[in-house]
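Visitor: Here it is, the structure in full.
Nothing in this text is a laboratory measurement; each read-out follows from the coordinates by a stated rule. Since the structure is predicted, the reported quantities are computational estimates derived from the model, not experimental observations. Quick reminder, even Gly has a Cβ in these numbers, built from the backbone with ideal geometry, and neighbours come from all protein chains shown.
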Amino acid sequence: MTRPSYTALWLVAAALLQLPVPATAQAAPSIAADLQMAQDAAPFRRTADAFVASALAGDAARTQAMLSPALVARSGEAAIRRALDTQILPFFASGKAPGKSVTVTRTTDAAGQQGFAFYMWLQGADASSQRPFTVYVVEEQGRHTVANVVPDRLVEGRHR
């Protein structure tokens, strides 16, 4: 049998006595929400990591196959291929590995599909050089797909 935490007991007592709740107790739901989001984002993160690995390896066919069919239909196959060849693959070719810092937020793509955005860094050959990028992964037709990739754009407050 598990025992309730002191924070949970304080919240119950505060509610019964109508006492102000200390800031540390108020943080508990936020921590629980953060843990839940991390758990929900995990399979989407695996897709983002696989996409980055494919792009780092220069595997254009595999990288393109991971893209959202809705994105490809909306943009056109030729435009997608051009973006991969001129922006996405060259960006990743300039790097060595993804950095360790990742910020995760919820996202919805243009087609209304929900998922997560991963704000990441690409490490260069020199460990001190890093470039920002974002990978958006959504669930589409029962599978996780990459809905967008934004290389070399720093988003303040997200890239940390």
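Visitor: Please go through the stretch 121-151 and pick out each residue that is within 19 Å of PRO43 (Cα to Cα) and among the basic types (Lys, Arg).
Guide: Across the stretch 121-151, the qualifying residue is only ARG143.
Visitor: Step by step: first the residues of the stretch 93-104, then only those that are in a strand (DSSP E or B) and more than 12 Å from the chain's Cα centre (by Cα), then the one that is nearest to ARG160 (Cα to Cα). Which residue is that? Quick ask: steps written out before the conclusion?
Guide: Restricting attention to the stretch 93-104, the residues satisfying the condition of being in a strand (DSSP E or B) are 97-98, 103-104.
Subset that is more than 12 Å from the chain's Cα centre (by Cα): 97-98.
Working: ALA97: 17, PRO98: 13 Å.
So, considering only residues that are in a strand (DSSP E or B) and more than 12 Å from the chain's Cα centre (by Cα), the one nearest to ARG160 (Cα to Cα) is PRO98.
Conditions tested, residue by residue: (1) over 23 Å from ASP34 (Cβ atoms); (2) surrounded by 12 or more Cβ atoms within 10 Å (Cβ to Cβ).
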site	(1), (2)
ALA55	yes, yes
LEU67	yes, yes
ARG82	yes, yes
LEU89	yes, yes
SER128	yes, no
TYR136	no, yes
VAL150	yes, yes
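Visitor: From the list GLY76, GLY95, which one is more than 19 Å from GLU139 (Cα to Cα) and either aromatic (Phe, Trp, Tyr) or surrounded by 13 or more Cβ atoms within 10 Å (Cβ to Cβ) (or both)?
Guide: Checking each option against the conditions leaves just GLY95.
Visitor: With (1) in contact with a His (Cβ under 9 Å, 6 or more places away or on another chain); (2) buried (at least 17 other Cβ atoms within 10 Å of the Cβ) as the list, and SER101 as the residue in question, which single condition is left unmet?
Guide: (2)
Visitor: Give the stretch 44-73 a look and list any residue that's polar (S, T, N, Q) and either touching a residue at least 24 places away in the same chain (Cβ under 8 Å) or farther than 19 Å from GLN141 by Cα (or both), or say none.
Guide: Of everything in the stretch 44-73, those that are polar (S, T, N, Q) and either touching a residue at least 24 places away in the same chain (Cβ under 8 Å) or farther than 19 Å from GLN141 by Cα (or both) turn out to be THR47, SER54, THR63, SER68.
Visitor: Can you confirm whether ARG82 is free of Cβ contacts under 8 Å to residues at least 12 places away in the same chain, under 17 Å from VAL146 (Cα atoms) and not aromatic (Phe, Trp, Tyr)?
Guide: Numbers: free of Cβ contacts under 8 Å to residues at least 12 places away in the same chain: yes; under 17 Å from VAL146 (Cα atoms): yes; not aromatic (Phe, Trp, Tyr): yes.
When the stated conditions are applied, ARG82 passes them.
Visitor: With touching a Phe, Trp or Tyr at 6+ places or on another chain (Cβ under 9 Å) and of a type outside the set (Phe, Trp, Tyr) as the only criterion, which of THR47, THR86, THR108, THR63 stands out?
Guide: Details: THR47 fails: touching a Phe, Trp or Tyr at 6+ places or on another chain (Cβ under 9 Å); THR86 fails: touching a Phe, Trp or Tyr at 6+ places or on another chain (Cβ under 9 Å); THR108 fails: touching a Phe, Trp or Tyr at 6+ places or on another chain (Cβ under 9 Å).
Testing whether each residue is touching a Phe, Trp or Tyr at 6+ places or on another chain (Cβ under 9 Å) and of a type outside the set (Phe, Trp, Tyr) leaves just THR63.
Visitor: May I ask you to list the residues in the stretch 40-53 that are under 18 Å from ARG106 (Cβ atoms) and surrounded by fewer than 16 Cβ atoms within 10 Å (Cβ to Cβ)?
Guide: Listed by number, the residues that qualify are ASP40, ALA42, PRO43, ARG46.
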